[in-house]
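The values are calculated or read from the model by the stated rules, or taken from the named source; none is laboratory data. Just so it is clear, the model here is predicted, and its values are computed rather than measured. When we count neighbours, we look across all protein chains shown, and the Cβ atoms used for this are built from the backbone with ideal geometry, even at glycine. Calculation scope for accessible area: heavy atoms of the full protein, side chains included, ligands and nucleic acids excluded. Shrake-Rupley method; radii C 1.70, N 1.55, O 1.52, S 1.80 Å.
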Amino acid sequence: MKTHSVCLPILATLALSAAVTRANVNINNAARGVSPSNAKLYVPDSVNNWSCLDGSKTIPFSAVNDDYCDCIDGSDEPGTSACGTGQFYCANIGHTPSNIKTSRVNDGVCDEECCDGSDEYDGQTHCPNVCEEVGAKAREENDRIQSIQNEGARLRRGFIKHGKANKVSLTNELETLRDQVDQVQLALNDARAKLDAANEEQGAYLEGSKSEREATRRQQLEPLIQEQTKRLKYAIEVRDMLKITLQNLKEKHNKNFHDMAVKGTVSGFDDYIVAQGEKTEVVEDDLASLASDRQFDALVDETSVVLRDIGTLHDLLDGMKRDYNTEYNDEAVLAAVKVTDDFEITWDSSKLDFADVEHLVLPEELPVDSPEAEKFRDATDLAQAAFNEASDKENKIQEGIRDIERKLNMDFGPDETFSQLVDKCFDFKDTEYTYSVCLFGDANQSSHSSTHLGKFSGWEGDNYDVQMYTGGTKCWNGPERSVKLVMSCGTTTEIVSVTEPEKCEYLFKLQTPAVCPIPEGEGEADEQEQDQERQQDQQQEEEGEEHTRKHDEL
Amino acid sequence: MESAQGRIKSSKRRTIVRSVLGLGLALACVSAVKREDFKTCSQSGFCARNRAYADIAKETPQWVSPFQLNPSSLRLHKGVLTGDLINVQEDKQPSDKPALAFELHLLDTDAARVRINERNPIHPRYDGVQDTVLIKPYGHATEESYQKLGKDENGILTIQYGAQSQNTVRISSAPFKIEFLVNGVPTVILNDEGLLRFERLRNKEEPKVEEEEGEKQGEEASSDPLVEQKPGGNEIEIAIEKSDLEKKLEENLWEERFKEFTDSKPRGPESFGMDITFSGINHVYGIPEHASSLSLKATRGPDAPYTEPYRLYNLDVFEYEGDNPMALYGSVPFMLGHSKNSTAAVFWMNAAETWIDVEKSPEDKTGGLLSWIKSKKAVQPAATKTHWISEAGVLDLFVFLGPTHRDIFRQYASLVGTTALPQAFSIAYHQCRWNYNNQQDVAEVDAGFDEHDIPYDVLWLDIEHTNGKRYFTWDEAKFPNPTEMQESLSAKGRKMVTIIDPHIKKDGDYHVSKEGAELDVYIKNKDGSSDFDGWCWPGSSQWIDFYNPKARDWWASQFSYDKYIGSTKSLFTWNDMNEPSVFSGPEITIPKDVIHYGNVEHRNVHNLYGTMFHSATAQGLTHRNETNQRPFVLSRAFFAGTQRFGAIWTGDNVASWEHLELASPMLLTIGLSGIPFSGADVGGFFGNPDAELLTRWYQAGIYYPFFRAHAHLDSKRREPWLFGEPYTTQIREAIRTRYTLLPFWYTLFQEASVEGTPIIRPMFTVFPEDEAVFGMDDQYMVGDAILVKPVVKSAVIRSNVYFAGKEKWFDIKDYSVEQGPGFKDIESPADKIPVYQRAGTIVPKRERPRRSSKAMENDPFTLVIALDSVGEASGRLYLDDGESFNYEKGDFILTEFKVSKGVLSSRKVKSTTATSVESSFAEKAGGLRIERLVILGATVPLKKVTVGDRTLQASCSQVGGSYVCTIKEPQVTIGKDFDLSFA
């Protein structure tokens, strides 16, 4: 074939294909895809050339939108996909104009953003102009959103007012409390000094008879110490038996079954062992050298530690027993279940069932009966009562200060919007679980039991619309649970969805007036006019608040 | 015959020495903790027996195989040589019927086939692998194409064959040995080491004691003169004492235990083994799937890196480790050997458990043992000796002598088939995770790609999308409207893939389970009548018996839209767990003694099970509602022939640098073994890759033939934009690069579908004479044009790249030039890995960024022309509608580009079949234009460019010592021939 004959057939073929558009593009198409505001950028210079918008190159004006990418910045092809990096303007008459990526031009997809179908002009794909319809719907939707935003903004202004007022009143309250601090501390110090003196006097009197009293005391306590020692030994035996059971389970279970219940238990056991490594076991011999009271107390303490361990280990086993897959017939699992069953039977029927048998209580030391002793005792009791009263008062004030400081230190946003929502709780039910969050507090998931999903740890980003709750219960082989709480504008505050995009990391979507945009210019200026309105809101809000306060009962 | 017997006896005298050796061997096999779920050779009865036999042979000086061909029985007829094979130890009496039948077939493709089977077994040995693996009855060589050169004085029969009479096969009768020679040079030798061993079927009732006595009597009755001549002839007494190794030959013949599992083995021992020597060849490759190097490592001999043989037994291995020969998900018993002078391959057609030992001849430089061998054998050429051991079936071996790689790939593919031409979308980018939780999640991930302007084609749903792991169903709470979901993806040219596994939940209310039971299509227990059940994701499950033709058809029918509710045309399939994975079974798979259709014991067909499933699924997608659409099915298990049904991936890898590094040798090995459409999970399945590892994995993964990101349920989200900048931009850039090269990839797939060539290629296949690249697997070629060196270590910003050959290489991004041959340190900063186009090639691209491959359908092309030192280059472009079978009717465009003497010519290759399809794709796509030519390696700037009577402008800039010239809009199309000259 001779080369010169190539041209015509190609043009003929072009007419059938995508490439046909190229031929047409040059004809007055320089403006294709250019927004009216950019139109002035797409005019030729005096010699009919044109410079790329980044100034990097000058090309003939005919090369603009010729379906070939000449400019590094892609600016020469706003109307074609040749560069693919620019913006294509869809006029969308009947709806709002939009810019789409030029990589979407003539790609066979009717882009929603380009309702007039102007992005698919190569004849391969017909995209009808649906702007009237889409526009109508969009306007309707816009109206709906606008009315929500208006109402939301109105409510939010209430939040802000409440927040600001609250800050002022808290600050005042704090000041009042701080003023009282010195006074109550003086009183407390005075009471402490008096109590110390009384104790010292009584102590000096008692010191004389110390060893006789310890002998009497030991005689009195010996049976209790022995009983408690027995209980401790038994508890340790039981705990070690459960530990061995779990250790066996861990080593011998069939890992290929991927039984989540078994995996959970084994991982819980690993956590237990790690935690255990940090504690030191109390040695019985060390206890014997203590005074009888302290020895008994130490035994009781140690017993309760071991009982807690038993409780933990039993929970692990019991959790598995409930949920394990019975049909795998994994011998190690079956053995552990058998031990759990046996344990539950013996533990319940045992005389040493610490849960049912009354705790051994340290009896009062027999009073030393003499008028002088009584005098010292009365004086001490009196001083103690006075001290307690002073201390209570001091505590209450300090607590009040701390609570206010906590609230004042919380980041409720630059305009205090979120002050209104602090400690308010919200629920969301899906098919399996109920999720809840108390804002600035804790998030939880519950079905038959409750799982902690995290504690408020701060805002994410600078927009005051995303909160993080972290440090929840650890997943068996994953991270500690956490919640990302994302807020959107709404006229009420409620959770609209909860998802778990990746394991143990939850996404709560919350709608609330607190993030509704307040139109610019409407700020402090028209506060007066809306004051009355706001008072009404305030009332409503307070009703709302009461509702949320009742949350716990719900 | 007699002398052979004598030598066997002499081996028995070496009892004491060997038992010590044996112990040492056993100790070396102690497993690491992670491996305890899987057998070692010594825990697998037949492997231990055959390996012990090899030990005996190796420790016996002058070992001679007891196998002999009866010379008078040999017949050569129509390309097939047949004869009786006798084991002189077993067939002692002249009256004994010859036990084994030997066949040598010369094929019309120049390949040869060797078969050894029992002549009159007490029941037939399984010989059905060929029925499912071979694509069609092949042709034998015509009588004119080979020539019997007769017997020489040693009784060696020589036959010359091959299109150019380049091949010779020499058959020695006593001892039995077959040598294949290419142009007179021995290349593949069978039974050179004398390790052939064949366990004949027997009845268990036969008392063992009697058998031993018989043997003893035989020995005593022998009047072997050689034995008599030995000094100290009374050593016969010692010989009666069996050595530890000899005892091993009789261990675990029947019932066999592993951990808590018992393999009943009702047919007893039926294994066989044989050595295959690659003469003059130091590097052998293939036998996937192993997490190991491309060039196989020695498993025997001094300093062997591995102590275990390579194992082929499809298994679901949890968190597999790198650098060991353990079995993985797939098996292809194909091995290719290569040296500077020769290339040859073998295909050991057996689907039962198989082990392969590899031993390398000592290299020349060592002394000691070598000098002893040298003195013994005078010349010790380089050689790789392999020992193949299979549990059951018949010995059925193909030998391919090339002479080139391309010949071997074609010869092998002519038997087991080539890669099916895939759906075009399936070679683009796939986004997967276990699991995308619900429809909302799917919509958000889909929108994420658009928002971040990253192209992708397919979104995948793992097991959680089903109603309780009942495949073909949906979790209706999470996926209330699957059809709508697929349609909204499809509107943007995107597809969806759902997972369908071969285990069927036992549940009378589940339609698939119920129909399966009614049709009686489940695998049976060893009793042959009750259905096997085991444990997998859904709990108690049953496994479809895909050997039952009724089961296959029924299974295929499940994919029709009215059966698979909520499926649409844009939904495709993922077959996982098809080794099969059985949580409650031995080695996490199904027991070997379960029974398939036709009373076939599973042990015979284990390695093929996954492929049978894969093929039935592909059949289902092909025939669903007569849409004329190509299927797309991804499988985890594979075998020879899998390429005909779809893609595979390397299973459950780990988010670690080690696994990123492993992916290259694994994929290269799988590819050269006939399955080029493969990939490794980008990012690593288990664990959490950091941003750097993920980015580097994308940069490597875009050069996997199958390119999918996947993540475990417990891993953190890692969609490409989640790590923020600069990573999002780096990953976007990588994925877009894949998309620009899709025309090149698709052309390679078409070539693979015709020629059987790998798509990503080991360096040695492109530079077969450069010994520096024979062991190289950390860089490779895509086709013959593009060199890729993934970065597989953290904080590496310089890579040592080997530029093979004497020509230039051009960086595909900035066109900078490197000159071969030799290693050079190349910058590989965070945003790029070294990728080069080789001088002399033309690569077709589509450079416009789009959101999916479908959206690129009407885009014009760019040709990147890299001129070699004499100013030449060539390349091709294949294009069809990317989805239908119309290409089979000739509706495609295949254009060859060539530059020579300053002229770029484009010639459309005529299809052999006439187009008879309406609204022909080729006619329409023929008008697609080439918008840009990029010419690399010009020695002077191009001045005058003309096409016909038109003159075009070229803009050139100097890069390194040569010029890069771009020609805008040459106004040519891919459908019409043209000549463009430049000067």
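Considering only residues in the range B:818-832 that are of a type in the set (Gly, Ala, Ser) and touching a Phe, Trp or Tyr at 6+ places or on another chain (Cβ under 7 Å), the one that is modelled with the highest pLDDT turns out to be B:GLY822. Among the criteria (1) of a type in the set (S, T, N, Q); (2) open to solvent by 20 Å² or more (accessible area, probe 1.4 Å); (3) in a strand (DSSP E or B); (4) touching a residue at least 12 places away in the same chain (Cβ under 8 Å), the one B:THR277 does not fulfil is (2). If you check B:HIS430 against the conditions, is it surrounded by fewer than 24 Cβ atoms within 10 Å (Cβ to Cβ), at pLDDT 95 or above and of a type outside the set (A, V, I, L, M)? No; evaluated as a whole, the condition is false for this residue.
Take the conditions (1) within 14 Å of another protein chain (Cβ to nearest Cβ); (2) buried (at least 22 other Cβ atoms within 10 Å of the Cβ); B:MET781 misses just one of them, which is (1). Residues that are of a type in the set (D, E, K, R) and either in a helix (DSSP H, G or I) or open to solvent by 50 Å² or more (accessible area, probe 1.4 Å) (or both) within the range A:86-143 comprise A:LYS101, A:ARG104, A:GLU112, A:GLU113, A:GLU132, A:GLU133, A:LYS137, A:ARG139, A:GLU140, A:GLU141, A:ASP143, listed in sequence order. What's the total number of residues in the range B:749-772 that are under 22 Å from B:TYR429 (Cβ atoms) and without any contact (Cβ under 8 Å) to a residue 40 or more places away in the chain? Residues that pass the stated criteria total 0.
All of (1) buried (at least 19 other Cβ atoms within 10 Å of the Cβ); (2) in contact with a Ser or Thr (Cβ under 6 Å, 6 or more places away or on another chain) hold for B:GLY775 with one exception: (1). Here B:TYR126 meets the list (1) part of a loop (DSSP other than H, G, I, E, B); (2) at pLDDT 90 or above; (3) surrounded by fewer than 15 Cβ atoms within 10 Å (Cβ to Cβ); (4) within 26 Å of the chain's Cα centre (by Cα) almost entirely, failing just condition (3). Applying the criterion of being surrounded by fewer than 19 Cβ atoms within 10 Å (Cβ to Cβ) and farther than 18 Å from B:SER906 by Cα to the residues of the range B:939-953, the residue that is nearest to the other protein chains (Cβ to nearest Cβ) is B:GLN953. Scanning the range B:892-913 for residues that are within 11 Å of another protein chain (Cβ to nearest Cβ), open to solvent by 40 Å² or more (accessible area, probe 1.4 Å) and of a type in the set (Val, Ile, Thr) turns up at least one hit. Is the range B:620-642 home to any residue that is polar (S, T, N, Q), assigned to a helix (DSSP H, G or I), over 16 Å from B:PRO549 (Cβ atoms) and open to solvent by less than 10 Å² (accessible area, probe 1.4 Å)? Yes; the residues of the range B:620-642 include at least one that is polar (S, T, N, Q), assigned to a helix (DSSP H, G or I), over 16 Å from B:PRO549 (Cβ atoms) and open to solvent by less than 10 Å² (accessible area, probe 1.4 Å).
Take the conditions (1) more than 13 Å from chain A (Cβ to nearest Cβ); (2) open to solvent by less than 20 Å² (accessible area, probe 1.4 Å); B:GLY961 misses just one of them, which is (2).
Out of all the residues in the range B:868-891, which are open to solvent by 40 Å² or more (accessible area, probe 1.4 Å), farther than 24 Å from B:SER816 by Cα and part of a loop (DSSP other than H, G, I, E, B)? If the condition is that a residue be open to solvent by 40 Å² or more (accessible area, probe 1.4 Å), farther than 24 Å from B:SER816 by Cα and part of a loop (DSSP other than H, G, I, E, B), then B:GLU883, B:PHE885 are the ones that fit.
All conditions but one from (1) within 13 Å of chain A (Cβ to nearest Cβ); (2) outside any loop (DSSP other than H, G, I, E, B); (3) closer than 28 Å to B:ASP868 by Cα apply to B:GLU923; the one that does not is (3). Tell me, please, whether a residue that is touching a residue at least 40 places away in the same chain (Cβ under 8 Å) and of a type in the set (A, V, I, L, M, F, W, C) can be found in the range B:154-162. For the range B:154-162, residues touching a residue at least 40 places away in the same chain (Cβ under 8 Å) and of a type in the set (A, V, I, L, M, F, W, C): present. If you scan the range B:840-867, which residues turn out to be away from chain A (no Cβ under 14 Å), touching a residue at least 60 places away in the same chain (Cβ under 8 Å) and open to solvent by 10 Å² or more (accessible area, probe 1.4 Å)? The answer is B:LEU867, and nothing else.
Every condition in (1) open to solvent by 10 Å² or more (accessible area, probe 1.4 Å); (2) in contact with a Ser or Thr (Cβ under 8 Å, 6 or more places away or on another chain); (3) within 28 Å of B:GLY687 (Cα to Cα) holds for B:VAL654 except the one numbered (2). Just so you know, in the range B:538-562 the residues that are open to solvent by 10 Å² or more (accessible area, probe 1.4 Å) and in contact with a strand residue (DSSP E or B) (Cβ under 7 Å, 6 or more places away or on another chain) include one that is nearest to the other protein chains (Cβ to nearest Cβ), and it is B:PRO538.
Yes/no matrix, rows are residues, columns are (1) surrounded by fewer than 21 Cβ atoms within 10 Å (Cβ to Cβ); (2) modelled with pLDDT under 95:
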position	(1), (2)
B:PRO422	no, no
B:PHE425	no, no
B:ASN437	yes, yes
B:VAL445	yes, no
B:ILE454	no, no
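Each residue in the range A:53-85 was checked for being within 14 Å of chain B (Cβ to nearest Cβ), surrounded by fewer than 19 Cβ atoms within 10 Å (Cβ to Cβ), in a loop (DSSP other than H, G, I, E, B) and hydrophobic (A, V, I, L, M, F, W, C), and 1 pass. For B:GLY822, the conditions (1) without any contact (Cβ under 8 Å) to a residue 24 or more places away in the chain; (2) buried (at least 24 other Cβ atoms within 10 Å of the Cβ) all hold with the exception of (2). Exactly one residue among B:ALA327, B:ALA344 is over 26 Å from B:GLN411 (Cβ atoms), at pLDDT 95 or above and either open to solvent by less than 10 Å² (accessible area, probe 1.4 Å) or assigned to a loop (DSSP other than H, G, I, E, B) (or both), and that residue is B:ALA327. Quickly run through the range B:577-628 and pick out the residues that are closer than 20 Å to B:PHE472 by Cβ and within 14 Å of another protein chain (Cβ to nearest Cβ). Result: B:MET577, B:PRO580, B:SER581. Would you mind telling me which numbered condition in (1) under 21 Å from B:LYS492 (Cβ atoms); (2) more than 10 Å from every other protein chain (Cβ to nearest Cβ); (3) under 42 Å from the mean Cα position of the chain (by Cα) A:THR96 fails? Evaluating A:THR96 over (1) under 21 Å from B:LYS492 (Cβ atoms); (2) more than 10 Å from every other protein chain (Cβ to nearest Cβ); (3) under 42 Å from the mean Cα position of the chain (by Cα) leaves (1) as the failure.
Of all the criteria given as (1) out of contact with any strand residue (DSSP E or B) (no Cβ under 6 Å at 6 or more places or on another chain); (2) closer than 23 Å to B:SER361 by Cα, the one not satisfied by B:ASP275 is (1).
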